[in-house]
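Before any comments, here is the structure.
The values are calculated or read from the model by the stated rules, or taken from the named source; none is laboratory data. None of the values given here were measured: they were computed from a predicted structure. No Cβ is skipped: glycine too gets one built from the backbone with ideal geometry, and neighbour counts run over all protein chains shown. Heavy atoms of the whole protein, side chains included, go into the accessibility calculation; ligands, DNA and RNA do not. Shrake-Rupley method; radii C 1.70, N 1.55, O 1.52, S 1.80 Å.
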Amino acid sequence: VIGTEKLPLTVDEVDTPAVLVDRKKLVANLRQVDEIAKSHNADLRPHAKTHKSRALTRLQLERGAVGITVAKLDEAGALSDSCRDIFLAYPITSDLKALRAMDYAADFDLTVAVDTVEGAEALSRAAKKKGLISQVLIEVDCGLRRCGIDPEDTEDFTRRLIALGAIEVVGVFSHAGHAYGALSSDELREIARCEIESVTVAADKARKAGADIRVLSVGSTPTILANLDELDNVTELRPGNYVFKDRTQVELGVATLEECALTVLTTVVSTVGGNAVIDSGSKTLGLDRGAHGNNATDGYGLIESRGMIVDRLSEEHGVISGGAPRLRAGERLRIVPNHACVVTNLTDAMYLVDGDEVVSRLEVDVRGGGR
Ligand SMILES: Cc1ncc(COP(=O)(O)O)c(C=O)c1O
């Protein structure tokens, strides 16, 4: 039971499957984005969905992050004892959630995403009930076609929000998740440019409607790592995956395998029939073949030391087809997963390691936490 086990001293003593985080690589990844933020005079508000960890939240804040971004109220609640300034980058449309959000807003700084009048109405109702003003960021779409209004519509939308009486529009944000589908670095840079442009346009329009816009927020890991000069025009960066990186970032060309801080330690459990079978299946590695439904990656993880791919998963089994002659039962391997954010959500805790030494256990404090 990972919660009560004695901390292993070395990686050899760690039972599998286990999620390892390499301390030096983690720190290098943090430093890289800290420097990008500094060089553009932008605040860093990392997305904590990647690690769901109080300890890593604290580390990001100690290094200068102004707060964190979360996707769910569960994450906001659980991480609020580490961070008192949280942006919920996810729309709320029910009274149930709006009231919960306003309970949180009475306790710590909580800003909420809005892209529908119905959502804003729910927030305004809840805020009035609690005697608060709900601070919101308007989400604008820059091409992902998930959430977010057309930036051109921001002026009228802002007016409608202000008219509700208990909403303060403090900023605008966008998320270029479609960057994960970019086929070239030129295309990626163009998407990063559009992300910045969309919040710049939206901020101008919201100001015309009378809002005091302080926050122009952008972010996905690939668009931040593109490090465009135009980032000077925004006030805030919201990357999440950058702390760990993964095969998806490598395939996209914005990271190297050596930079991937998170790996899955696994054991070969069978070699009959020519395949090598490992003890990490979909309940450890996840089924993602890329982010946002992009199936850009082959297989479910890379065993870098052998140049082999986990090409088939059941829940508790991973299959390396034809792997048996080269791998023996009992052998331990490290896998670079396709999507690190999903892997953390599937484990209770990770191990922070420095070479072969286990430094500490990193609890995944909001595992699941989907509300
Ligand atoms: C709204 C929003 N902001 C920021 C991020 C962080 O993106 P990434 O994990 O690519 O850094 C995400 C991730 O999905 C997101 O949905």
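Observations on the structure shown:
- Looking at Gly368, Gly273, just one residue is in a loop (DSSP other than H, G, I, E, B), on the phi > 0 side of the Ramachandran plot, open to solvent by 20 Å² or more (accessible area, probe 1.4 Å) and modelled with pLDDT under 95, and that residue is Gly368.
- Number of the condition not met by Pro91 [criteria: (1) within 13 Å of the ligand (Cβ to nearest atom); (2) buried (at least 22 other Cβ atoms within 10 Å of the Cβ)]: (2)
- All strands (runs of 3 or more DSSP E) inside the range 55-142 with 3 or more residues being within 25 Å of Ala203 (Cβ to Cβ), out of contact with any helix residue (DSSP H, G or I) (no Cβ under 8 Å at 6 or more places or on another chain) and among the small types (Gly, Ala, Ser): none
- Qualifying residues in the range 189-229 (those that are away from the ligand (no atom under 16 Å from the Cβ) and farther than 26 Å from Gln135 by Cβ) - the one surrounded by the fewest Cβ atoms within 10 Å (Cβ to Cβ): Asp229
- Looking across the range 63-88 at every residue that is charged (D, E, K, R) and within 19 Å of the chain's Cα centre (by Cα), the one that is least open to solvent (accessible area, probe 1.4 Å) is identified as Glu75.
- Candidate set from the range 252-270 (those that are surrounded by fewer than 21 Cβ atoms within 10 Å (Cβ to Cβ) and β-branched (Val, Ile, Thr)); member that is nearest to Ser53 (Cα to Cα): Thr256
So that you can scan it fast, the table gives a plain yes or no per residue for (1) within 18 Å of Val243 (Cβ to Cβ); (2) over 17 Å from the mean Cα position of the chain (by Cα):
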{"position": "Lys52", "(1), (2)": "yes, no"}
{"position": "Leu99", "(1), (2)": "no, yes"}
{"position": "Ala113", "(1), (2)": "no, no"}
{"position": "Gly119", "(1), (2)": "no, yes"}
{"position": "Ile138", "(1), (2)": "no, yes"}
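- For the range 241-251, the set of residues classified as within 10 Å of the ligand (Cβ to nearest atom) and surrounded by fewer than 24 Cβ atoms within 10 Å (Cβ to Cβ) is empty.
- Candidate set: the range 1-30, residues that are in contact (Cβ under 8 Å) with a residue 12 or more places away in the chain and within 24 Å of Val66 (Cα to Cα); chosen: the one most open to solvent (accessible area, probe 1.4 Å): Lys24
- Test: residue in the range 280-289 that is buried (at least 21 other Cβ atoms within 10 Å of the Cβ), within 16 Å of the ligand (Cβ to nearest atom) and within 30 Å of Pro151 (Cβ to Cβ): yes
- For the range 290-323, filtered to residues that are among the aliphatic types (A, V, I, L, M) and modelled with pLDDT of 95 or more, the residue that is surrounded by the fewest Cβ atoms within 10 Å (Cβ to Cβ) is Ile309.
- Top-ranked residue of the range 156-188 - restricted to ones that are outside any helix (DSSP H, G or I) and open to solvent by 40 Å² or more (accessible area, probe 1.4 Å), ranked as farthest from the ligand (Cβ to nearest atom): Gly165
- The range 301-344, subset part of a strand (DSSP E or B) and of a type in the set (Gly, Ala, Ser), residue farthest from the ligand (Cβ to nearest atom): Gly318
- Reported count of residues in the range 226-269, each being assigned to a helix (DSSP H, G or I), closer than 24 Å to Ala349 by Cα and touching a residue at least 60 places away in the same chain (Cβ under 8 Å), is 8.
- Contact annotation: residue pairs with Cβ atoms under 6 Å, 6 or more positions apart or on different chains, pairing a residue in the range 55-69 that is more than 17 Å from Arg23 (Cα to Cα) with a partner that is open to solvent by 50 Å² or more (accessible area, probe 1.4 Å), are Val66/Asp43.
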